[in-house]
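The values are calculated or read from the model by the stated rules, or taken from the named source; none is laboratory data. Computed from a predicted structure; not experimentally measured. No Cβ is skipped: glycine too gets one built from the backbone with ideal geometry, and neighbour counts run over all protein chains shown. Quick note on the areas: whole protein, heavy atoms, side chains included, nothing else; ligands and nucleic acids left out. Shrake-Rupley method; radii C 1.70, N 1.55, O 1.52, S 1.80 Å.
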Amino acid sequence: MTLISSLVRYAFDGVELCAGGIENHSDARRFIWTVEGWAGTHRNAVMWTGDDSGSFDYIEWQIPTFVGCGFSAQAHVSGDVDGIFGGSAETYVRDLQMKALTTTVMTMSGWAQNPDKQPWSYGEPYTSINRASLELKASMTPYLYTLSRIAYDTGVPPVRAMLLEFPTDEYLYASSTFTDFEYMAGPWLLVAPVFHPLTSPTATRRDIYLPGNASMTWHSFWDGSAYKGGTSLDAYDAPLATLPLFVRSGAIIPTWMPLMSFDAALHDPIILEIWPDGSSSFELYEDDGVTRAALPPQSAYARIPISVVAPDGYVAGTGKTGNVTISIGASVGSFTGQLTSRSWRLQVRTKVPSDDH
């Protein structure tokens, strides 16, 4: 056995022993961090990108790293926000924005010089911007949690290459198109992180590609501006407080109010962010969030089917007018702590004028 293979086995055995230590002595789920990893590591641990120094280069190279891990069925990967060493107020903001739409986020403090690696360390306006990123992540928990179950069942990761969602878009096969520096958060959200410093009062993110074709519409998550699929945005306004985040028409995104922790309050109401366009569906997944009762051979979980039927092009204002029908099915399955009743809040986007971009 070579030295490399011995080290691989040592690292893999280490996380496997940690997993056994948790699961052989409790009904809790494993949650283990390990630096990087090899094939199979994802079955036992979340992998992160190691002891790096915060910089714009650090943000840039992590994007294709996360995407590439997804191609290997490594569903949960992350990196220390703004690294462990170095960094700045601006790189902290941009790195946290990039990771807000991933399933796991980690900060490592104690090795950095003051200020340490906390979201409030640099003061205002950075504290408020970082708080907004964390609140966005918290509010997206129902969506990201569902994507995590999909990854467990199918191997399809939450952080997805655009090519995985749009395999017929030939532009995504070409090299040097910068599409490696964006990612899909599930089927509905496209994230284009900023990895360049502010060079003017209004920063821009260059080379954002919106996949699909002209019949598909993408929208700014923040103001609803509409853009056609199959086009590139070469100078998208991205001041420090703004992550370039786009929603695919037809989206059904379950969210809740930002909570300080998973069990900080009852998960009621569920807020559905709906961007009607033709027929679309999403199945919300829920379980107790703590034990292994949701995992085989047990099946203590529930799924709630949600569907929307609308005229094609409805939210972009390019199609025919007509009714929008939203259907929320009965919860199928059960688990300890499941709500016996729930409120739903529907936030439905309607007829946003199409942009000429």
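Things to note:
- Kirkwood hydrodynamic radius of the stretch 127-194, Cα pairs, Å: 13.5 Å
- Take the Cα radius of gyration of the stretch 62-106 and divide it by 2.2 N^0.38 Å, N being the number of residues; the result is 1.17.
- When only the Cβ of Lys, Arg, Asp and Glu is charged (+1, +1, -1, -1), the dipole of the stretch 1-142 relative to its Cα centre reaches about 360 debye.
- Cα coordinate range in the stretch 245-355, projected on the principal axes (Å, largest first): 47, 29, 24
- The chain: relative contact order in percent, alpha carbon pairs under 8 Å with at least 6 residues between: 12 percent
- The stretch 43-84 and the stretch 214-246 have Cα centres lying 25 Å from one another.
- Equivalent ellipsoid of the stretch 58-179: semi-axes from √(5λ) of the C-alpha gyration tensor, largest first, are 28, 17, 13 Å.
- Farthest towards the positive end of the charge dipole of the stretch 171-276, among the residues Ala264, Thr231, Pro187, is the Cα of Thr231, using unit charges on the Cβ of Lys, Arg, Asp and Glu.
- Taking 1.002 mPa s as the viscosity and 20 °C as the temperature, the Stokes-Einstein diffusion coefficient of the stretch 100-162 based on its alpha-carbon Kirkwood radius rounds to 157 µm²/s.
- Taking the empirical scaling 2.2 N^0.38 Å for compact globular proteins as reference, the stretch 30-82 has a Cα radius of gyration ratio of 1.10.
- Computed over the chain, the per-residue total of -39500 (n - 2.57) for DSSP H runs of n ≥ 4 gives a 222 nm mean residue ellipticity of -7000 deg cm²/dmol, rounded to 500.
- Take Leu233: with every protein chain present and a 1.4 Å probe, its accessible area is about 10 Å².
- Shown for the stretch 207-307 is the translational diffusion coefficient from the Stokes-Einstein equation, using the Kirkwood radius over Cα pairs, a temperature of 20 °C and a viscosity of 1.002 mPa s: 130 µm²/s.
- Charging the Cβ of each Asp and Glu at -1 and of each Lys and Arg at +1, and nothing else, the dipole of the chain about its Cα centre rounds to 740 debye.
- Computed across the stretch 1-70, the Kirkwood hydrodynamic radius from all distinct Cα-Cα pairs reaches 13.7 Å.
- A protection proxy built from the mean count of other Cβ atoms within 10 Å ranks the segments 72-85, 49-62, most packed first, as 72-85, 49-62.
- Excluding ligands, DNA and RNA, the accessible surface per residue across the chain is 47 Å² with a 1.4 Å probe.
- Where Met216, Met140 fall by accessible area, highest first, once all protein chains stay in place (1.4 Å): Met216, Met140
- Angstrom value of the Kirkwood radius, inverse mean 1/r, which spans all Cα pairs in the stretch 117-239: 16.3 Å
- Considering only beta bridges that DSSP places wholly inside the stretch 1-110, some 10 percent are antiparallel.
- Quotient of Cα Rg and 2.2 N^0.38 Å for the stretch 1-121, N being how many residues it contains: 1.15
- For the chain, DSSP calls about 75 percent of its internal beta bridges antiparallel.
- Cα Rg, Dmax, the chain, angstrom units: 20.8, 68
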